[in-house]
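Some notes on the structure that comes next.
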Amino acid sequence: MKKMALAVHGGAGTILRSLMTPELEAEYREGLRAALEAGWRILREGGKALDTVEATVVELENFHLFNAGKGSVFTHAGKNEMDAAIMDGQDLNAGAVAFVKNVKNPIKLARLVMDRTPHILLGGDGADEFARQMGVDIEPDDYFFTEHRHKQLLEAIDADRVQLDHAVHEAELIVESQQATNPKSPISTPKPLGTVGAAACDSLGNIAAATSTGGMTNKKFGRIGDTAIIGSGTYAENATCAVSCTGHGEYFMLGATAYDVAARMKYLGLDLERAAAASIDYLTNIGGEGGLIAVDALGNISMPFNSEGMYRGFAVGGEITTHIYG
């Protein structure tokens with residue numbers, strides 16, 4: 001039996017201990033822990049890495065503080081357009097969806113693209129129609145509505161800015177929405193970040209990765225980031241590693257960051273830790289911000305980032321650990 005491992009992230013960016021209340025920190029950690037527990041149950045029972053990362057990301061999509069699924073940010077038109085991707089390291093099979101609407105769990109739809117079509121990436125109206133044909137859970141607009149997300153949109157429109165979800169100035173908007181809902185609540189600054197993801201190694205040494213996101217606040221024209229692009233935000237290959245990225249997607253696309261980790265292992269002979277760190281160093285050099293989680297077929301885990309923090313956690317041997325700050 002191989003060493004089993006599971007890693008998750010809930011986004012990377014400006015995450016400062018000074019802006020976090022104990023109650024809010026506990027809520028974020030519980031969101032990460034619940035996802036890890038869901039995935040670890042599958043691994044513990046001899047399940048596949050592919051099923052593990054899908055189930056783990058479903059939990060993250062259902063958690064309202066992360067920018068994926070239920071917590072997705074708004075586009076310029078006031079809609080939620082979501083991207084997701086999943087990849088199996090055993091056979092290099094992959095599926096992805098881009099700018100889908102009203103799909104409760106986009107990662108499930110990405111899995112169906114992989115399993116039920118000859119394609120890898122479906123987008124827009126076609127992906128939405130595929131979702132309806134596959135009978136996945138569809139939710140009304142108000143399921144995805146959160147007050148602080150709406151305020152982020154209004155602020156971004158007013159400033160004529162397309163913004164990452166981890167921008168510093170968004171903290172005040174979230175505080176206002178919290179206090180409007182509950183004036184007695186403690187001041188806090190939750191900043192749900194750009195992407196969620198998981199990477200896993202199962203008992204047979206097979207690995208997989210999955211990533212899901214709501215994108216950027218006030219995005220226009222059907223913008224797609226790195227999440228749905230195999231090799232940029234998501235990649236898995238048994239011979240090297242499984243990777244899920246989070247951060248400023250345009251730079252992860254320029255760096256082909258997810259595959260870059262695998263390529264450094266394959267062609268330079270680097271181990272997982274050094275390959276992942278080198279890929280983030282390159283991201284920094286080209287002006288990008290963010291991080292990644294990576295798992296190899298030996299059950300090793302690496303979680304480098306170049307921002308102030310990254311919501312992240314891992315499970316090895318049944319023990320669950322979560323981290324937030326740098």
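The numbers here are math on the coordinates, done by the rules we state, and not lab data. None of these values were measured; they are calculated from a predicted model. When we count neighbours, we look across all protein chains shown, and the Cβ atoms used for this are built from the backbone with ideal geometry, even at glycine.
Data table
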quantity	calculated
Cβ-defined net charge surrounding L36, 12 Å radius [Lys, Arg +1; Asp, Glu -1]	+1
Qualifying chymotrypsin sites (Phe, Trp or Tyr not before Pro) in the stretch 80-149, DSSP loop, other Cβ atoms within 10 Å at most 15	F145
Residue-span extension gain [N285 to A239] - 0.36 nm each, minus C-alpha spacing	13.8 nm
Sites matching trypsin sites (Lys or Arg not before Pro) across the stretch 29-85 that sit in DSSP coil, with at most 16 neighbouring C-beta atoms within 10 Å	K79
Spin-label model distance (nm) - T117 vs K266, 7 Å beyond Cα toward Cβ	2.5 nm
18 Å Cα-Cα threshold exceeded, pairs from K79/K104; K48/K108; K2/K266; K2/K108	K2/K266; K2/K108
